[in-house]
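The values are calculated or read from the model by the stated rules, or taken from the named source; none is laboratory data. Given the structure is predicted, the values throughout are model-derived calculations rather than measurements. Cβ coordinates were reconstructed from backbone atoms using ideal geometry, including for glycine residues, and neighbour counts include every protein chain displayed.
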Amino acid sequence: MPDDAIATALEAPAAATSLTRKPEVMVAGPAERAEPTGQPVFSLNDVTVSYGSYRAVRHVTMDIWPQEITALIGPSGCGKSTLLRCLNRMNDLIPGASVAGHIDFTGSDLYGAKVDVMDLRRHIGMVFQRPNPFPKSIYDNVAFAPKMNGARRADLPDIVERSLRRTALWDEVKDKLKQSAFSLSGGQQQRLCIARAIAVEPSVILMDEPCSALDPIATIRIEELMTELKNTYTIVIVTHNMQQAGRVSDRTAFLTAEVDEDGTRYGVLVEYDATGKIFTNPSDRRTDDYVTGRFG
């Protein structure tokens with residue numbers, strides 16, 4: 001199933017005339033990032049995602065490491081969101097969807113027969129492209145999941161305050177917690193959704209283009225928040241914004257769409273490396289073409 005079509009032309013610099021020209025993207029981290037140690041949070045081995053007979057993403061192998069921000073970039077239709085949804089089994093909700101290959105989550109088979117999917121999603125939170133607060137108060141939005149997971153009523157005020165403080169929203173809403181979540185601005189609603197996701201203390205936060213519906217100021221607030229949250233959480237983000245990937249991520253995976261013999265488009269992972277290297281010295285010509293704006 002292809003990603004939503006979101007234009008990237010405005011984000012990309014003018015087309016380059018040679019392979020040596022690099023994009024005007026500010027990269028936060030070093031071009032070469034030290035090799036990680038210990039156990040990856042996710043290990044994907046030859047992962048293929050299908051919708052019925054259509055194989056949307058094919059043969060992806062990569063590791064995602066703890067307390068880092070990993071960005072998934074690439075043109076529309078390359079399967080970035082499809083791949084992201086595999087990491088907390090959201091594709092299970094789509095009729096006909098199936099995953100082949102193997103995904104390991106902290107040492108266990110993510111798709112094992114004994115996995116409690118609801119409990120899994122407590123450990124792997126998700127923030128969607130558009131803010132989706134519940135039709136409840138600000139307080140009840142954040143308290144909802146902890147309450148459903150058995151938190152004591154007496155503990156809920158502390159959980160709500162802690163979650164809102166972590167998302168830099170507490171000072172803005174502390175005097176109107178009983179107001180509707182829809183009374184907040186778009187950027188505030190997205191931070192509220194992040195607060196709702198972390199209220200149950202997950203280890204991973206998945207973000208599917210969390211800033212695409214926000215203005216530049218709200219986008220900066222979310223990016224600053226992500227940078228702070230990675231000290232506690234592992235974050236995987238899908239983004240069409242090259243500047244955003246360069247600003248916030250530690251590692252970047254570039255996917256692209258290819259066409260098979262019968263004309264069917266499908267997604268493949270081209271290159272996965274430290275963000276600085278992807279944007280300044282990629283190993284694959286296709287990556288260079290994309291990040292320099294020769295195609296998108």
Revision key, fill the gap. Counting only residues in region 157-199 that are of a type in the set (S, T, N, Q) and under 17 Å from residue 129 (Cβ atoms), the one surrounded by the most Cβ atoms within 10 Å (Cβ to Cβ) is identified as 190
Review point. Which of the residues belonging to region 248-258 are modelled with pLDDT of 95 or more and over 13 Å from residue 273 (Cα atoms)?
Key: 248, 256
Point to revise | Condition met for residue 218 (out of contact with any Cys (no Cβ under 6 Å at 6 or more places or on another chain) and farther than 26 Å from residue 45 by Cα) | key: yes
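With under 21 Å from residue 88 (Cβ atoms), of a type outside the set (Asp, Glu) and loosely packed, with under 13 Cβ neighbours inside 10 Å as the only criterion, which of 148, 126 stands out?
When all the criteria are applied, what remains is 148.
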Check your understanding: Which of (1) out of contact with any Leu (no Cβ under 7 Å at 6 or more places or on another chain); (2) surrounded by 23 or more Cβ atoms within 10 Å (Cβ to Cβ); (3) modelled with pLDDT of 95 or more does residue 235 not meet, given it meets every other one?
Key -> (1)
Study note, to complete from the structure: Going through (1) surrounded by 16 or more Cβ atoms within 10 Å (Cβ to Cβ); (2) at pLDDT below 95; (3) more than 20 Å from the chain's Cα centre (by Cα); (4) aromatic (Phe, Trp, Tyr) one by one, residue 139 fails only at (2)
Exercise for review: Confirm whether residue 228 is farther than 27 Å from residue 48 by Cα, in a loop (DSSP other than H, G, I, E, B) and acidic (Asp, Glu).
Suggested key: no
Exercise for review: Filter region 208-225 down to the residues that are surrounded by fewer than 16 Cβ atoms within 10 Å (Cβ to Cβ) and β-branched (Val, Ile, Thr), then identify the one that is farthest from residue 80 (Cα to Cα).
Suggested key: 217
Practice item. Tell me, yes or no, whether region 278-291 has at least one residue that is crowded, with 19+ Cβ neighbours inside 10 Å, within 19 Å of the chain's Cα centre (by Cα) and either modelled with pLDDT of 95 or more or of a type in the set (Phe, Trp, Tyr) (or both). Key: yes
Revision key, fill the gap. Within region 80-123, residues exposed (fewer than 14 other Cβ atoms within 10 Å of the Cβ) and among the polar types (S, T, N, Q) come out as 108
**Study point:** Among (1) more than 19 Å from residue 188 (Cβ to Cβ); (2) within 23 Å of the chain's Cα centre (by Cα); (3) without any contact (Cβ under 8 Å) to a residue 60 or more places away in the chain - the single one residue 123 does not satisfy
**Key:** (3)
Exercise for review: Filter region 237-269 for residues that are touching a residue at least 60 places away in the same chain (Cβ under 8 Å), among the hydrophobic types (A, V, I, L, M, F, W, C) and over 10 Å from residue 73 (Cβ atoms) and give the result.
Suggested key: 248, 257, 268, 269
